[in-house]
Amino acid sequence: MSIFDEIKKKLSHEFIDIIEWLDVNNETIVHRFERYQNEIKNNAQLIVREGQVAVFINEGQLADVFKPGTYTLNTKNLPILTTLKGWKYGFDSPFKAEVYFVNTRLFTDEKWGTKNPFMLSDDRFGLVEIRAFGTYSFRINDPGKFVIDVVGTDGNFTNYEVNEHLKSLIVTRFTDTVGEANLPIELYAANTSELSETCQEVMQPEFNRVGIELEKFYIENVSMPEELKKEIFEYSRLDKLDMGKLAQFKAAKAMELAAKNEGGTAGAGMGMGMGFVLAQQMGGMMGQPSGQPFGGQQVQPPSPPPIPVAVGYFYAVGGQQSGPVPIDKLKELFASRSINRDSLIWKQGMEQWAPLKEIEELKSFLGGNTPPPLPSA
């Protein structure tokens with residue numbers, strides 16, 4: 001090859017310009033195509049691959065945006081840049097412009113979470129602390145806006161950089177949404193799907209302002225302190241169980257614990273009492289009347305106690321007095337959250353109104369009540 005061929009080859013390559021970007025790590029969202037002094041030659045080839053968009057910036061202004069395809073850069077394919085440059089009949093090579101390749105693929109399984117617990121107000125449990133975490137996915141749906149408003153002059157804008165911005169936005173909007181939902185505290189963990197959809201709708205306009213589309217938003221877990229969980233579990237059981245049966249069960253457990261105390265007189269007496277009950281049950285199984293011991297002597301059954309007189313309770317809601325209602329109705333009002341532990345209650349014999357939580361026979365509504373061991377004989 002002669003020296004003239006070498007010169008010809010060099011000159012031909014000098015006037016061929018190919019602008020493209022190959023994503024090698026899948027973490028880059030925006031890559032600026034580097035050229036000496038940002039010079040691009042007339043009729044240069046622009047190659048935009050699937051999952052990419054090329055954005056031309058001229059002196060800080062958004063010019064042309066190219067979707068996937070191969071383009072020859074001239075005044076026909078650069079209408080906005082042609083207007084900004086003032087080209088009327090064409091342009092002389094080279095020209096200056098910044099070219100940014102934007103990754104438009106879906107970024108999935110991005111993590112978010114509350115670094116610190118945040119406070120919520122619950123009608124029954126007062127101020128409580130909760131935490132939450134989950135995942136989200138997004139894509140760039142307006143590359144020009146994203147480059148101008150978020151990327152700026154960053155030559156290699158990565159997934160990590162945008163996530164730091166998005167996580168702060170998500171936690172702020174999530175906290176606001178949960179606070180405005182005003183759900184009972186135990187329902188947050190049971191309604192994560194509905195809450196996730198609501199949060200996504202609230203956050204989407206914020207994402208759109210910077211050219212991002214929030215594709216999916218998931219709340220994986222809403223957690224709270226362990227002592228609050230136990231209190232909620234007790235309350236839920238109280239809401240479902242029959243109060244009479246619950247009292248019988250608690251008394252039976254207390255009797256069982258006392259009977260195991262072999263060294264005390266209470267244990268001996270309790271063991272004798274349980275033995276007598278067992279004997280009665282066995283006698284019934286063998287055909288004897290339940291009140292007749294094995295000796296055959298008739299045991300006079302005890303007389304029933306007098307019929308209790310129903311107590312009427314008055315309660316206050318919204319500054320208005322209602323009632324009287326029996327204790328079962330009062331329990332239903334508490335379970336339906338018409339009244340709470342701080343609601344004012346009055347009954348005959350009380351000098352003044354008092355909160356529900358301070359009235360002895362109503363404390364069982366709050367859960368966690370267990371009778372003390374029976375006194376020693």
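Using only Cα atoms, what is the ratio of the radius of gyration of region 61-203 to 2.2 N^0.38 Å?
In units of the globular-protein estimate, region 61-203 measures up at 1.56.
Taking 0.36 nm per intervening residue step and subtracting the Cα-Cα distance, what contour gain separates Asn221 from Asn208 on full extension?
2.1 nm
Which FRET efficiency value, to the nearest 0.05, do you get for Thr72 and Ala190 by plugging their Cβ-Cβ distance into 1/(1 + (r/R0)^6) with R0 = 51 Å?
Approximately 0.30, to the nearest 0.05.
Which net charge results when you count Lys and Arg as +1 and Asp and Glu as -1 among the other residues whose beta-carbon is under 14 Å from that of Met350?
With Lys, Arg at +1 and Asp, Glu at -1, the net is -3.
Could you work out how much longer the chain between Asn25 and Ala254 gets when fully extended? Use 0.36 nm per residue separation minus the Cα distance between them, nm to one decimal.
Result: 75.9 nm gained on full extension.
Could you check the spin-label model distance between Leu106 and Glu161? Points 7 Å from the Cα along Cα→Cβ, value in nm.
With each label point 7 Å from Cα toward Cβ, the separation is 2.6 nm.
With equal scatterers on the alpha carbons only and no solvent term, can you work out the Debye log10 of I(q)/I(0) for region 16-117 at 0.11, 0.24 1/Å?
Treating every Cα as an identical point scatterer, log10 I(q)/I(0) equals -0.39, -1.38.
Hey, could you grab the Kirkwood Rh for region 143-228? Inverse mean 1/r over distinct alpha carbon pairs, Å, one decimal.
Here the Kirkwood hydrodynamic radius works out to 14.7 Å.
Ordering Tyr315, Tyr160 from largest to smallest accessible area (1.4 angstrom probe), what's the sequence?
Result, largest first: Tyr160, Tyr315.
Go ahead and collect, in residue order, the members of region 191-216 whose backbone nitrogen is under 17 Å from a label point 7 Å along the Cα-Cβ direction of Leu62.
The answer is 205-214.
Net charge near Glu215: determine it from the other residues with C-beta under 14 Å of the C-beta of Glu215, scoring Lys and Arg +1 and Asp and Glu -1.
-2
Take the residue pairs Lys111/Lys230; Lys260/Lys357; Lys253/Lys363; Lys76/Lys96; Lys230/Lys347; Lys115/Lys357 and return only those whose Cα atoms are more than 24 Å apart.
Beyond 24 Å between Cα atoms: Lys111/Lys230; Lys260/Lys357; Lys230/Lys347; Lys115/Lys357.
The values are calculated or read from the model by the stated rules, or taken from the named source; none is laboratory data. As the structure is a prediction and not an experimental result, all values here were calculated from the model. Reconstructed Cβ throughout: ideal geometry from the backbone, glycine too, with neighbour counts over all protein chains shown. All accessible areas refer to the heavy atoms of the entire protein, side chains included, with ligands and DNA or RNA removed. Shrake-Rupley method; radii C 1.70, N 1.55, O 1.52, S 1.80 Å.
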